[in-house]
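The values are calculated or read from the model by the stated rules, or taken from the named source; none is laboratory data. Just so it is clear, the structure is predicted and the values come from calculations on it, not from any experiment. Counting neighbours? That spans all protein chains shown, and the Cβs are built from the backbone with ideal geometry, glycine included. Accessible surface areas use protein heavy atoms only, side chains included; no ligands, DNA or RNA. Shrake-Rupley method; radii C 1.70, N 1.55, O 1.52, S 1.80 Å.
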Amino acid sequence: MEKKKVLLCVSGGIAVFKAAALTSKLVQNGYDVKVMMTSSAQQFVTPLTFQALSRDRVYTNTFEEKDPAKIAHIDVADWADLVVIAPATANIIGKLANGIADDMITTTLLATRAPVMVAPAMNVNMYAHPAVLRNMQTLEGYGYTFVEPNEGYLACGYEGKGRMTEPEDLIEMIDYHFTKLAYKNWNGKKVLVTAGATREKVDPVRFFTNRSTGKMGYAIANEAAKRGAEVILISGQTSLTPPHGVRVINVQSAEEMYEAVMRAFPDQDIVIKSAAVADYKPKMTFEQKMKKQEGPWKIEMERTKDILKELGEKRTKQILIGFAAESENIEKYARKKLESKKVDMIAANSISSPGSGFEGDTNEVILFKRTGDSVTIPMSTKTEVAKILLDEALTFQKGSIE
Ligand code: CTP
């Protein structure tokens, strides 16, 4: 695929160092990056840093025309698929809102027809000043997207709103921007994902659980949200950060997951059940901690409700996708689940192959479809697996209705 072209415009504030980290991450994520700097930005970090990170010349001066065949600011304005201003000072926001073009960045911004994303960074009082607020509103009216600054300690010594968004979050926004454009058919689709392990309580300190980390489900929720879907993520225990733009509902037990899934289910278009739900729970639970006693402790277990199976019975239009973690006879067991749970697709992984299954960042998966065919995804990152799984999910126009 052709690389997406990002023009990063850096104006002068202490957060310029974050723009350097952003440049590096953009290049690592496969973007073609060009950097433009104001003269004040160059007071903080030299163009050489950005040149090395972007592996391209840095634009600093409107009148420095290196190629006589081109007019640099028009050429770069036309080149960009997206313009990101980070950090954006009160000054550059003010100039852009008033159509001023007195340096390379402001001139290029007037000439570009690419979408513009702005990450402001300034003192808390400046950010709250009516002039700045009005200028931001004006730019929003022109279609600019603002990425709100974070609250916290500011370099000027103040506490409050004004810290530029972290490069990791900006990258998420940039990825989101491009993925959404590329996957228009996901726009507004309602997707429910479950992830992580359930915890079945014995007493206030003990529970039964399993080795699922939730990474696969979180990767799916993240990718679906990036594509423009409306995503609900019902999550068991994990230590993962909720993906951007996803509504997360945290649950503990299989019973809580059942309740949450059933409530959300009727509205959904696609349901992906990657959670490792306990099949058994203790028949009795104790409100007080059980003290140890002589001899063994026998805990009687009973079956939990099979959520996916019930969804298979209840569904009207929903596409249903389940997971199966198998240690042997993968195809046989996966196809059995496909039948018994009446789902459209089972994503099966072999938990005995190295690099696949719980805890790691990679997975080796075979997607078994109700149509009889299957798709093998060789060892890949969980993000890659999520992408292919979502592509395959849309090959079903509608869930199977028996
Ligand atoms: N699942 C569920 N509710 C349960 C148990 C599992 O919705 N109480 C879902 C999981 O989220 C997953 C699929 O069903 O999508 C896994 O199927 P399951 O038959 O539970 O797998 P195993 O527990 O591995 O079953 P078995 O012991 O029969 O191999």
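If the condition is being under 15 Å from LYS314 (Cβ atoms) and either within 11 Å of the ligand (Cβ to nearest atom) or touching a strand residue (DSSP E or B) at 6+ places or on another chain (Cβ under 9 Å) (or both), then the stretch 243-259 contributes only TYR258. Please work out if VAL261 is under 21 Å from GLU168 (Cα atoms) and in contact (Cβ under 8 Å) with a residue 12 or more places away in the chain. It is false that VAL261 is under 21 Å from GLU168 (Cα atoms) and in contact (Cβ under 8 Å) with a residue 12 or more places away in the chain. ILE105 falls short on exactly one of the conditions (1) of a type in the set (A, V, I, L, M); (2) modelled with pLDDT of 95 or more; (3) surrounded by fewer than 20 Cβ atoms within 10 Å (Cβ to Cβ), and that condition is (3).
The stretch 320-389 holds strands (runs of 3 or more DSSP E) entirely within its bounds, and those carrying 2 or more residues that are within 13 Å of the ligand (Cβ to nearest atom) map to 345-350, 362-369.
Of all the residues in the stretch 21-69, those that are more than 20 Å from LEU109 (Cβ to Cβ) and either in contact with a Ser or Thr (Cβ under 7 Å, 6 or more places away or on another chain) or crowded, with 21+ Cβ neighbours inside 10 Å (or both) number 2. Quick check, is VAL277 in contact with a helix residue (DSSP H, G or I) (Cβ under 6 Å, 6 or more places away or on another chain) and away from the ligand (no atom under 16 Å from the Cβ)? No; evaluated as a whole, the condition is false for this residue. Restrict the check to the stretch 297-311 and report whether at least one residue is within 14 Å of the ligand (Cβ to nearest atom), within 29 Å of the chain's Cα centre (by Cα) and modelled with pLDDT under 95. No; the residues of the stretch 297-311 include none that is within 14 Å of the ligand (Cβ to nearest atom), within 29 Å of the chain's Cα centre (by Cα) and modelled with pLDDT under 95. In the set ARG247, ARG227, only one residue is more than 26 Å from LEU338 (Cα to Cα), open to solvent by less than 10 Å² (accessible area, probe 1.4 Å) and not assigned by TED's automatic domain parsing to the domain that holds MET173; that residue is ARG227.
Given (1) open to solvent by 90 Å² or more (accessible area, probe 1.4 Å); (2) of a type outside the set (A, V, I, L, M); (3) under 18 Å from SER235 (Cα atoms), where does GLU328 come up short, assuming only one miss? It fails just one condition, (3).
With respect to the conditions (1) farther than 17 Å from THR194 by Cα; (2) without any contact (Cβ under 8 Å) to a residue 40 or more places away in the chain, ILE346 falls short on a single one, namely (1).
Here the stretch 290-319 is the region considered, the condition is being among the acidic types (Asp, Glu) and not in a helix (DSSP H, G or I), and the residue that is most open to solvent (accessible area, probe 1.4 Å) is GLU294.
Selection of the stretch 108-154 for residues being surrounded by 13 or more Cβ atoms within 10 Å (Cβ to Cβ), under 20 Å from LEU170 (Cβ atoms) and hydroxyl-bearing (Ser, Thr, Tyr) yields THR108, THR112, TYR127, TYR144, THR145. Within the stretch 118-134, can one find any residue that is β-branched (Val, Ile, Thr), under 29 Å from the mean Cα position of the chain (by Cα) and at pLDDT 95 or above? Within the stretch 118-134, one or more residues are β-branched (Val, Ile, Thr), under 29 Å from the mean Cα position of the chain (by Cα) and at pLDDT 95 or above.
If a residue has to be assigned to a loop (DSSP other than H, G, I, E, B), under 17 Å from GLY99 (Cα atoms) and of a type outside the set (Phe, Trp, Tyr) to count, how many in the stretch 114-157 make the cut? Within the stretch 114-157, residues that are assigned to a loop (DSSP other than H, G, I, E, B), under 17 Å from GLY99 (Cα atoms) and of a type outside the set (Phe, Trp, Tyr) number 3.
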